[in-house]
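Below is one structure, written out as structure tokens, with a few remarks after it.
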Amino acid sequence: MFGIADTKDVKDDLVEDLGLEEEYSSSSLDALVDGDSRYIKDLRVNLKKTLKSDHLSKKEAAIIALAIAVNEKNEPLKKYFQSLARDHEATEEEIGDAVACASLLAANNVLYRFRHFVDKEEYDKQSAGIKMNIMAKPKLEKEFFELVSLAVSAANGCELCVQSHEQSLLKLDSNEKRIFDAIRLASVITSLDKVIY
């Protein structure tokens, strides 16, 4: 039977996994422990499983997780996933691209969600007027930059951007299993953001 001591142990393990101080706490994490929620175990398992993908390298998983942490403005997770990306041989340029991608897609997602919600031809005809040179020449390989873009767009709930990036990925010879693993990872990091902040 799972009890409060077990829940506390899993919390401690999760905190250690993320390289946080032993005494790290948040009101949400405390609520899980105090409520003896077995979900904390699920969250830890979900994180471990999504970071070990059959279709993403360890470096790619860390970079996608970093982009989602940047998107969520989550300092502890940004620090951890940046370190993890470096541990898996990501360059500073690749880390910079992950940050840039999260920032650029935040802008694009607002613009394209607006166009989608309002659905007026007049807005669709107007130029976005947002510089996006990084999309043409990213430091990350083009297919992977698109994959990070898709993950951030999914986290931000932009239907048009999700559809566009998914189609671009398939044209770049990516595949649905790789795409789905990136989205699963983005969803788990988004859920982690709700308890680690």
From the set of residues in the range 145-170 that are of a type outside the set (G, A, S) and under 11 Å from the mean Cα position of the chain (by Cα), which is most open to solvent (accessible area, probe 1.4 Å)? N156
Here's a check for you: in the range 115-131, which residue that is free of Cβ contacts under 8 Å to residues at least 24 places away in the same chain and part of a helix (DSSP H, G or I) is nearest to A65 (Cα to Cα)? F117
Determine whether I134 is without any contact (Cβ under 8 Å) to a residue 40 or more places away in the chain, surrounded by fewer than 21 Cβ atoms within 10 Å (Cβ to Cβ) and assigned to a helix (DSSP H, G or I). yes
Residues (loosely packed, with under 15 Cβ neighbours inside 10 Å and either over 24 Å from the mean Cα position of the chain (by Cα) or farther than 19 Å from E72 by Cβ (or both)) located in the range 105-114: F114
List pairs: first in the range 88-114 and modelled with pLDDT under 95, second small (G, A, S), Cβ under 7 Å, 6+ apart or cross-chain? none
Which numbered condition in (1) more than 22 Å from L169 (Cβ to Cβ); (2) buried (at least 19 other Cβ atoms within 10 Å of the Cβ) is the only one that A69 fails? (1)
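Quick check on K8: is it open to solvent by 20 Å² or more (accessible area, probe 1.4 Å), more than 13 Å from V195 (Cβ to Cβ) and under 19 Å from the mean Cα position of the chain (by Cα)?
It is false that K8 is open to solvent by 20 Å² or more (accessible area, probe 1.4 Å), more than 13 Å from V195 (Cβ to Cβ) and under 19 Å from the mean Cα position of the chain (by Cα).
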All but one of (1) crowded, with 19+ Cβ neighbours inside 10 Å; (2) among the hydroxyl-bearing types (S, T, Y); (3) under 28 Å from L140 (Cβ atoms) hold for S57; state the number of the condition that does not hold. (1)
Restricting the range 2-34 to residues that are touching a residue at least 12 places away in the same chain (Cβ under 8 Å) and not in a helix (DSSP H, G or I), which is nearest to I189 (Cα to Cα)? L18
In the set L56, L77, which member is assigned to a loop (DSSP other than H, G, I, E, B) and under 15 Å from the mean Cα position of the chain (by Cα)? L56
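The values are calculated or read from the model by the stated rules, or taken from the named source; none is laboratory data. Owing to the predicted nature of the structure, the values given are computational and were not obtained by experimental measurement. Don't worry about glycine lacking a Cβ; one is built from the backbone with ideal geometry, like all the others, and counts go over all protein chains shown. What goes into the accessible areas is simple: the full protein's heavy atoms, side chains included, and nothing from ligands, DNA or RNA. Shrake-Rupley method; radii C 1.70, N 1.55, O 1.52, S 1.80 Å.
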